[in-house]
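The values are calculated or read from the model by the stated rules, or taken from the named source; none is laboratory data. This is a predicted model, so every value here is computed, not measured. In this analysis, Cβ positions are derived from the backbone assuming ideal geometry, glycine residues included, and neighbour counts consider all displayed protein chains.
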């Protein structure tokens, strides 16, 4: 009886020392992995100067650590080096429209993995620029919000943004509240397309 009482008193003492103002650490994690499911091998042969028809296999992941069920949307955009990208300091998304998006309801501590298989379907080259006209993503040919040019074919980028549904406004937003602070998350991968065929 003494030992049982000692264990109970010790447990109560330990619980009493836990700070009463403890807050759950709220956050979303967003990541993009390469063909092997690691942070490498994003491009064939690890060469970022790609050709139309070369297939990239990526995995986009979203982890929900908000402490509640959340409705989230992943937006995929293509930009060049001069277009304004997302601004995490001011929680502003890129003004460029998405060419692909997916929505999912995420339970607490759930991870959503999205396989992306993409390639440039049609691109043209002029003496000083390369223009991408269409892409294939997961078997679908996409043209809306795809057309973009880059000087000499350098500094294209795929931008991945996470948007979260806000019940108060009834809309998805790029920023959300986590422990009383406005947060946002995004990432990007850069590539070049200095050639549109194997012939220079």
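Could you list, ordered by first residue, the pairs with Cβ atoms under 8 Å in which the first is in the stretch 40-51 and closer than 13 Å to residue 156 by Cα and the second is exposed (fewer than 13 other Cβ atoms within 10 Å of the Cβ), at least 6 apart or interchain?
Correct list of pairs: 51/197; 51/198.
Looking at (1) under 27 Å from residue 109 (Cβ atoms); (2) in a loop (DSSP other than H, G, I, E, B); (3) without any contact (Cβ under 8 Å) to a residue 60 or more places away in the chain, find the lone condition where residue 25 falls short.
(3)
Would you check which residues across the stretch 153-178 are in a strand (DSSP E or B) and out of contact with any strand residue (DSSP E or B) (no Cβ under 6 Å at 6 or more places or on another chain) and list them? Write out each step before concluding.
Of the residues in the stretch 153-178, the ones in a strand (DSSP E or B) are 156-166, 171-173, 176-178.
171, 177, listed by residue number.
Which residue is surrounded by the most Cβ atoms within 10 Å (Cβ to Cβ), if the candidates are limited to the stretch 100-133 and must be in contact (Cβ under 8 Å) with a residue 40 or more places away in the chain and not in a strand (DSSP E or B)?
Per the criteria, the residue is 110.
Could you tell me which numbered condition residue 136 fails, if it satisfies all but one of (1) under 20 Å from residue 44 (Cβ atoms); (2) touching a residue at least 60 places away in the same chain (Cβ under 8 Å)?
Answer for residue 136: the failing condition is (2).
All but one of (1) over 23 Å from residue 103 (Cα atoms); (2) surrounded by 15 or more Cβ atoms within 10 Å (Cβ to Cβ) hold for residue 181; which doesn't?
Residue 181 satisfies all of (1) over 23 Å from residue 103 (Cα atoms); (2) surrounded by 15 or more Cβ atoms within 10 Å (Cβ to Cβ) except (2).
Yes or no: residue 79 within 21 Å of residue 122 (Cα to Cα), modelled with pLDDT of 95 or more and assigned to a strand (DSSP E or B)?
Judged against the criteria, residue 79 is a match.
Only one residue in 8, 15 is surrounded by 10 or more Cβ atoms within 10 Å (Cβ to Cβ), modelled with pLDDT under 95 and more than 30 Å from residue 139 (Cβ to Cβ), so which one is that? Write out each step before concluding.
Working: 15 fails: surrounded by 10 or more Cβ atoms within 10 Å (Cβ to Cβ).
None of the other options fit; the residue is 8.
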